[in-house]
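Enquirer: Sharing a structure below in structure tokens format, with a few things to ask.
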Amino acid sequence: MDKDILDKKFVPYLNEAKITEAVSRIASSINADYEDKMPLFIAILNGAFMFAADLYKEINVPSEISFVKLSSYAGTQSSGSVITSIGLDVAINARDIIIIEDIVDTGKTLTTFVTELKKEGPSSIRVCALLHKQEATIHPIPIDYLGFTIPNLFVVGYGLDYNGFGRNLKGIHQLKES
Ligand code: IMP
């Protein structure tokens, strides 16, 4: 069903079942890859909160999770700048880090964040993202665990917002082209 959010219309794109399937697939890969490790998950707020919660419930290796807040978006356009507003409360040094991100668009947020994290001396850093707008790439970054590659269209739901709204939708909806 179409959704009106503020001044825009959105159409269904990925339903709950597809998302759940992707979350389980990603969790299985991480569980296998980190069998004898104790990774530290770092989820990027606000957008990744729902994905991180669902994914983390499926993780069965000893691990920790922490949250950071970064931002590169205003409205439906990337502003291109990354601001760190909440720092990490767990030491990164010698840890195996798995970053959890909702969506990789230009790649600016993640490349900047990974550069910052590397300064803290982690053993390894891997990236896990639910969505990737491959065509929008400006700053290429390897995504080790990915849910879906999507077209370069604005999406909301499952944690993702349009100007703060729409995060509570259970599925992911795409901006309706007029
Ligand atoms: P990047 O730095 O250009 O890769 O942008 C990544 C960030 O922008 C994500 O963490 C999201 O918060 C936000 N973002 C990118 N595309 C969308 C979208 O289609 N809907 C909602 N937020 C988005």
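The values are calculated or read from the model by the stated rules, or taken from the named source; none is laboratory data. Only a predicted model underlies this, so the values are computations on that prediction, with no experimental measurement involved. Ideal geometry is used to build each Cβ from the backbone, glycine not excepted, and the neighbour counts take in all protein chains shown. The protein model used for the area step is the full one, side chains on, heavy atoms only, and it has no ligands, DNA or RNA in it. Shrake-Rupley method; radii C 1.70, N 1.55, O 1.52, S 1.80 Å.
Enquirer: Please state, to two decimals, what the Cα-based radius of gyration of the chain comes to when divided by 2.2 N^0.38 Å (N = residues).
Expert: Numbers: Rg = 15.8 Å, N = 178, 2.2 N^0.38 = 15.8 Å.
That ratio works out to 1.00.
Enquirer: When the helix-only estimate is applied to the chain (DSSP H runs of n ≥ 4, each -39,500 (n - 2.57), divided by the residue count), what is the mean residue ellipticity at 222 nm, nearest 500 deg cm²/dmol? Present the calculation step by step, with values, prior to reporting the outcome.
Expert: On the way: 3 runs with 38 residues, N = 178.
Helix contribution divided over all residues of the chain: -6500 deg cm²/dmol.
Enquirer: Could I ask something else about it? How much solvent-accessible surface does SER123 expose, in Å² to the nearest 10, with a 1.4 Å probe and all protein chains in place?
Expert: Looks like 80 Å² after rounding.
Enquirer: I would also like to ask the following. Assigning unit charges at the beta carbon (Lys, Arg +1; Asp, Glu -1) and nothing else, what dipole magnitude in debye, to the nearest 20, does the chain show about its Cα centre?
Expert: Working: 17 positive and 22 negative charges, 59 e Å.
About 280 debye.
Enquirer: Among residues other than THR149 whose Cβ falls under 10 Å from its Cβ, what is the net charge (Lys/Arg +1, Asp/Glu -1)? Mind dumping the intermediate values first?
Expert: On the way: positive: LYS133; negative: GLU135.
Its environment carries a net charge of 0.
Enquirer: To continue, here is another question. If ligands, DNA and RNA are left out, what is the accessible area of GLU116 with a 1.4 Å probe, given in Å² to the nearest 10?
Expert: Taking all protein chains as shown, GLU116 has close to 90 Å².
Enquirer: Within straight cross-link reach of LYS119, meaning Cα distance under 19 Å, which lysines are found once same-chain residues fewer than 8 apart are removed?
Expert: Within the straight-line limit of under 19 Å, LYS119 reaches these lysines: LYS69, LYS108.
Enquirer: Can you give me the accessible area per residue for the chain, using a 1.4 Å probe, in Å²?
Expert: On the way: 9000 Å² over 178 residues.
For the chain, the per-residue accessible area is 51 Å².
Enquirer: Please work out the FRET efficiency for the pair LYS119 and THR20, using the Cβ-Cβ distance as r and a Förster radius of 41 Å; give the result to the nearest 0.05. Provide the component values of the computation, followed by the final result.
Expert: Working: r = 36 Å, r/R0 = 0.88.
E(calc), rounded to 0.05, equals 0.70.
Enquirer: Rounded to the nearest 10 degrees, what's the angle between the helix 16-33 long axis and the longest principal axis of the chain, both from Cα atoms, 0 to 90?
Expert: 20
Enquirer: If I compute solvent accessible area with a 1.4 Å probe over the protein chains, what percent of it on the chain is carbon and sulfur?
Expert: Working: 4480 of 9000 Å².
Summing carbon and sulfur atoms, their accessible area is 50 percent of the total for the chain.
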